[in-house]
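The values are calculated or read from the model by the stated rules, or taken from the named source; none is laboratory data. For clarity, every value in this text was computed on a predicted model and none was experimentally measured. So basically every Cβ, Gly included, is an ideal-geometry build from the backbone, and we count neighbours across all protein chains shown.
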Ligand code: SF4
Ligand code: SF4
Ligand code: SF4
């Protein structure tokens with residue numbers, strides 16, 4: 001796990017589950033390299049739980065328990081379904097081992113379309129959560 | 001540069017022998033081994049080349065669905081071992097002489113996923129939007145005199161939808 | 001250009017269904033009907049397809065561009081578009097007006 005904050009909105013922190021599920025994860029990393037996200041300031045890292053959990057990439061039925069485990073660990077966090085795979089199974093919508101949408105198991109606060117969505121979309125989605133006053 | 005490329009079909013019984021022969025002839029570079037599921041059986045293909053890649057050969061053999069066994073060539077080309085296991089996992093082939101432990105697949109999944117008789121239930125359950133026509137609504141309702149017969153979605157064999 | 005949106009030019013679409021049938025994600029839905037029109041000077045009326053609805057489910061779309069490629073009438077085209085985000089999955093399905101007007105407001 002790594003903690004980041006939005007470069008232009010430092011109050012907006014994200015927890016990135018670094019175990020990449022699939023290609024979408026690279027876009028989150030791209031947002032980091034592009035300077036859209038910066039590592040969170042040390043100090044408040046451990047004290048506050050993350051406000052947003054990003055599910056990016058293909059969730060398979062085999063991996064689902066581990067993903068749900070993380071979700072359960074942060075009951076107050078908002079869920080972002082990033083990319084077609086996390087939302088609906090995406091290109092693997094007809095594949096038996098793939099979970100067709102994380103929203104079958106947990107409420108999703110924001111869906112981001114794309115395969116993969118662009119890093120800017122990631123930031124825009126975080127901001128939309130922040131503006132809705134949901135994110136702290 | 002691949003200059004000369006030959007394709008040859010061999011019988012399953014002669015498979016290992018032919019691969020060994022090719023190896024001794026100078027085809028010592030193992031490119032890949034893969035399979036294709038056909039109506040007549042599972043076709044296993046191996047591609048070999050000279051070390052300078054000046055010549056290459058593709059050998060293929062067809063194995064009946066009823067007994068998917070073939071001699072392993074992993075002792076001739078150690079690199080083929082991994083490919084054989086992959087084909088074993090994806091097509092249900094048994095390469096005699098190789099370690100056929102599953103590599104990736106979840107055991108609960110049942111049928112080898114690359115076989116054409118594996119029904120992708122999502123494709124059967126979901127309504128294919130392509131079945132609509134200018135005079136047939138998405139739910140199958142006819143609103144005129146559609147001339148063409150209903151089409152089948154690509155990648156869905158005919159008997160899937162009936163089962 | 002950033003390929004981040006597929007826009008529809010409804011006037012060009014003939015409801016031929018090609019894109020719908022080729023889409024690997026089955027995420028395009030289209031309804032249409034036929035109408036008879038009599039052109040001045042023509043001896044018999046001719047049948048034309050009229051588009052009723054055209055939806056792309058962007059929660060499924062994999063941006064492969066096959067629909068853009070197969071359309072014989074160039075009725076679909078790549079476009080730049082702001083991020084498609086929503087708090088409801090259903091809202092990621094865009095209909096004719098959104099597929100066209102969003103195009104004009106693209107940034
Ligand atoms: S939505 Fe596309 S880019 Fe993202 S994980 Fe799935 S296949 Fe990869
Ligand atoms: S881009 Fe590909 S997945 Fe998306 S609507 Fe077109 S054909 Fe379907
Ligand atoms: S392929 Fe083009 S003309 Fe045909 S239905 Fe699709 S958008 Fe319309």
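Things to note:
- Here B:92, B:81, B:97 are screened, and the one residue that is more than 14 Å from chain A (Cβ to nearest Cβ) and free of Cβ contacts under 8 Å to residues at least 24 places away in the same chain is B:81.
- Hits in the range A:57-73 (condition: surrounded by fewer than 24 Cβ atoms within 10 Å (Cβ to Cβ) and in contact with a helix residue (DSSP H, G or I) (Cβ under 6 Å, 6 or more places away or on another chain)): A:58
- Flag for residue C:66 being modelled with pLDDT of 95 or more, at the interface with another protein chain (Cβ under 10 Å from one of its Cβ atoms) and within 14 Å of ligand 3 (Cβ to nearest atom): no
- The single condition among (1) in a helix (DSSP H, G or I); (2) within 11 Å of another protein chain (Cβ to nearest Cβ) that residue A:62 does not satisfy is (1).
- Enumeration of residues in the range A:104-124 that are closer than 15 Å to residue A:90 by Cβ and within 13 Å of the chain's Cα centre (by Cα): A:108, A:111, A:112, A:113, A:116, A:117, A:121
- Failed item, numbered, when residue C:24 is tested on (1) more than 14 Å from every other protein chain (Cβ to nearest Cβ); (2) part of a loop (DSSP other than H, G, I, E, B); (3) at negative phi: (1)
- Of all the criteria given as (1) at pLDDT below 90; (2) away from ligand 1 (no atom under 16 Å from the Cβ), the one not satisfied by residue C:3 is (2).
- All of (1) closer than 30 Å to residue A:130 by Cβ; (2) more than 16 Å from ligand 2 (Cβ to nearest atom); (3) away from every other protein chain (no Cβ under 12 Å) hold for residue C:45 with one exception: (1).
Residues are listed down the side, and each one gets a yes or a no for (1) surrounded by 15 or more Cβ atoms within 10 Å (Cβ to Cβ); (2) modelled with pLDDT of 95 or more:
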residue: B:59; (1), (2): yes, yes
residue: B:72; (1), (2): yes, yes
residue: B:99; (1), (2): no, no
residue: B:115; (1), (2): yes, no
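- Matching residues in the range A:101-135 - criterion: being in contact with a helix residue (DSSP H, G or I) (Cβ under 7 Å, 6 or more places away or on another chain) and in a helix (DSSP H, G or I): A:102, A:103, A:119, A:122, A:123
- Flag for residue A:76 being within 16 Å of ligand 2 (Cβ to nearest atom) and either under 22 Å from residue A:131 (Cβ atoms) or surrounded by fewer than 21 Cβ atoms within 10 Å (Cβ to Cβ) (or both): no
- Filter result for residue C:74 (assigned to a loop (DSSP other than H, G, I, E, B), within 16 Å of ligand 2 (Cβ to nearest atom) and loosely packed, with under 15 Cβ neighbours inside 10 Å): yes
- Residue within the range C:86-106 that is within 26 Å of residue B:151 (Cβ to Cβ), more than 10 Å from ligand 2 (Cβ to nearest atom), within 14 Å of chain A (Cβ to nearest Cβ) and assigned to a strand (DSSP E or B) present: yes
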